[in-house]
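The values are calculated or read from the model by the stated rules, or taken from the named source; none is laboratory data. Everything numeric in this text was worked out from a predicted model, so none of it was measured. Reconstructed Cβ throughout: ideal geometry from the backbone, glycine too, with neighbour counts over all protein chains shown.
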Amino acid sequence: MLLRVRVTLPDRPGALGQVARTLGVAGADIVQVVVLERLGGRAVDDFTVVWPGAARVERLLAGLAAIPGVQVDGVWKAIGAPVSGGHDAELLAQVAANPADGLATLVDAVPALLAADWAVAAIVPADWAARSGTAHGPRPLPTEPSLRLGGEPTTAYASWRAPSPLRLPEVTPLRARPMTGLEGTRYAVAPFGRAGLVLVVARSDDDDLSPAGFHITEVDRVAQLVRAAAVILGDRLDHTGAPTIASSVIDPS
């Protein structure tokens, strides 16, 4: 199976090679390395590795923990190798080529771009977070769109792996940011800037694995895609939520 391993390590010659050797000794075959950050003498790297399904991940974690100065930030299953930023332009070209299905195209594609589990475009009233409060926790989204102030968030489109009923943290349509919800689910949230529409991308806990939260560079990438898609789709987003583009069935109970 494919695993994504996020590691914080010293930004010095030889440190990356030491991590790579340790992964190899543990039985992991490295497919790709992505550098997310280099700051203050530290680096944050994402490794996508092929890991034997019968092997215990604890072996890999123990090997990395034994390297001085190395910290494992998260390990989670990946559907495929993370797709580079060069594919963002191709995705936006697909959105522009077929704007009628542009929102669905974006939502379906984003999880693979960021090694995430699922994504959803939700319509969020501007005052929802203030009215509901974080103490209430995630709540299921109703199926029927509601754009009125004082309404509830609704689903415009969800990717095929999105859970049902779909429960989201107290998102708002104001700014892009990472979030952590109940049961260890990590989110990246980015507003379209129209009609209260927000893109939410999620990584969920799976078995004994724990995903890393979305790095600021990943959140920025989502935000850039959303802003560009908003420009391409324009007024179409104001009518989002019609049954012709809604693909998920949400249980509001």
| query | Under 8 Å by Cβ, and 6 or more places apart or on different chains, what pairs join a residue from segment 219-238 that is touching a residue at least 60 places away in the same chain (Cβ under 8 Å) with one that is of a type in the set (Val, Ile, Thr) and part of a helix (DSSP H, G or I)? | reply | 222/110; 225/110; 229/95; 232/95; 233/95
| task | Kindly indicate whether any position in segment 75-91 is over 21 Å from residue 159 (Cβ atoms) and either at pLDDT 95 or above or surrounded by 13 or more Cβ atoms within 10 Å (Cβ to Cβ) (or both). | result | yes
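Looking at 180, 185, which one is in contact with a Lys or Arg (Cβ under 8 Å, 6 or more places away or on another chain), surrounded by 19 or more Cβ atoms within 10 Å (Cβ to Cβ), under 18 Å from residue 111 (Cβ atoms) and among the β-branched types (Val, Ile, Thr)? Steps first, answer last, please.
On the way: 180 fails: surrounded by 19 or more Cβ atoms within 10 Å (Cβ to Cβ).
Checking each option against the conditions leaves just 185.
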| said: residue 89 - would you say it is within 22 Å of residue 225 (Cβ to Cβ) and over 16 Å from the mean Cα position of the chain (by Cα)? | reply: yes
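For segment 180-215, which positions are over 21 Å from residue 103 (Cβ atoms) and part of a strand (DSSP E or B)? Please lay out each step first, then the result.
Here is the first cut: in segment 180-215, the ones over 21 Å from residue 103 (Cβ atoms) are 180-186, 203-213, 215.
180, 186, 203, 206, 209, 210, listed by residue number.
Can you confirm whether residue 42 is over 26 Å from residue 113 (Cβ atoms) and either free of Cβ contacts under 8 Å to residues at least 60 places away in the same chain or more than 22 Å from the chain's Cα centre (by Cα) (or both)?
Details: over 26 Å from residue 113 (Cβ atoms): no; either free of Cβ contacts under 8 Å to residues at least 60 places away in the same chain or more than 22 Å from the chain's Cα centre (by Cα) (or both): yes.
Considered against the rule, which asks whether it is over 26 Å from residue 113 (Cβ atoms) and either free of Cβ contacts under 8 Å to residues at least 60 places away in the same chain or more than 22 Å from the chain's Cα centre (by Cα) (or both), residue 42 comes out as no.
Among the residues of segment 5-21, is there at least one that is within 24 Å of the chain's Cα centre (by Cα) and charged (D, E, K, R)?
Within segment 5-21, one or more residues are within 24 Å of the chain's Cα centre (by Cα) and charged (D, E, K, R).
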